[in-house]
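Enquirer: Please see the structure below; I have some questions.
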Amino acid sequence: MNAPTLLRVDATARALTVSWADGRTQRVAHAQLRAACPCAECTVRRRAGGQVDVTPDVALLGIEAIGYGIRLLFSDGHARGIYPWTYLARVAETETETQADAASGLVG
Ligand SMILES: [Zn+2]
């Protein structure tokens with residue numbers, strides 16, 4: 001999977017916008033990225049049936065490019081997660097589905 005053509009951090013909305021080479025653009029909340037942190041510690045916690053501690057106002061403070069993906073630095077001090085491009089795309093898709101579910105819930 002190729003690197004995104006654009007990565008943009010929206011500090012106000014606490015969202016990350018990712019544009020891919022195929023023209024697709026995804027938007028994912030910082031809290032969603034933090035909850036999906038793929039580092040060993042967070043992965044073990046999720047596999048054990050628990051949840052990663054995430055406050056809704058957690059913010060993405062930094063992005064470090066590492067070739068096949070990005071390492072993200074969050075406002076809670078957590079900076080261990082490395083998000084390969086394919087994983088980032090998957091997390092962003094999950095976020096979109098969650099928003100759609102929430103919207104239909106409001107209408108119903
Ligand atoms: Zn983590």
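No value in this document is a laboratory result; all are computed from the given coordinates. Note that this is a predicted model, so its numbers are computed, not measured. Positions of Cβ are backbone-derived with ideal geometry, glycine not excepted, and every protein chain shown enters the neighbour counts.
Enquirer: For LEU73 and MET1, compute 0.36 nm times the residue count separating them, minus their Cα-Cα distance, and round to one decimal in nm. Don't skip to the end; give the middle numbers.
Expert: Values: separation 72, 0.36 × 72 = 25.92 nm, distance 2.26 nm.
Here the answer is 23.7 nm.
Enquirer: Then there is this: What full-extension length gain, to one decimal in nm, is calculated for THR55 and SER19 as 0.36 nm per residue of separation minus the Cα-Cα distance? Walk me through the numbers on the way to the answer.
Expert: On the way: separation 36, 0.36 × 36 = 12.96 nm, distance 2.61 nm.
Gain in length upon complete extension: 10.3 nm.
Enquirer: So how far apart, in nm, are the two label points at VAL44 and ILE63 if each is 7 Å from Cα heading toward Cβ?
Expert: Here the answer is 3.0 nm between the modelled labels.
Enquirer: For HIS78, HIS30, what's the fewest-to-most ordering of other Cβ within 10 Å of each Cβ? Mind dumping the intermediate values first?
Expert: On the way: HIS78 18, HIS30 24.
Ascending number of Cβ neighbours within 10 Å: HIS78, HIS30.
Enquirer: In the range 6-107, if the dipole is taken from +1 on Lys/Arg beta carbons and -1 on Asp/Glu beta carbons about the Cα centre, which of ALA36, TYR68, ALA13 is farthest to the positive end?
Expert: Towards the positive end, the residue furthest out is TYR68.
Enquirer: Can you pull a Stokes-Einstein diffusion coefficient for the chain at 10 °C (1.306 mPa s), Rh from Kirkwood over Cα pairs, as a whole number of µm²/s? Could the numbers behind the result be given before it?
Expert: On the way: Rh = 14.4 Å.
D = 110 µm²/s.
Enquirer: Give a residue-ordered list of calculated ³J(HN,Hα) values for the range 5-13 (Karplus: 6.51 cos²θ - 1.76 cosθ + 1.60, θ = phi - 60°; whole Hz; x for Gly, Pro).
Expert: Values per residue, Gly and Pro as x: 7, 8, 10, 10, 8, 9, 5, 5, 8 Hz.
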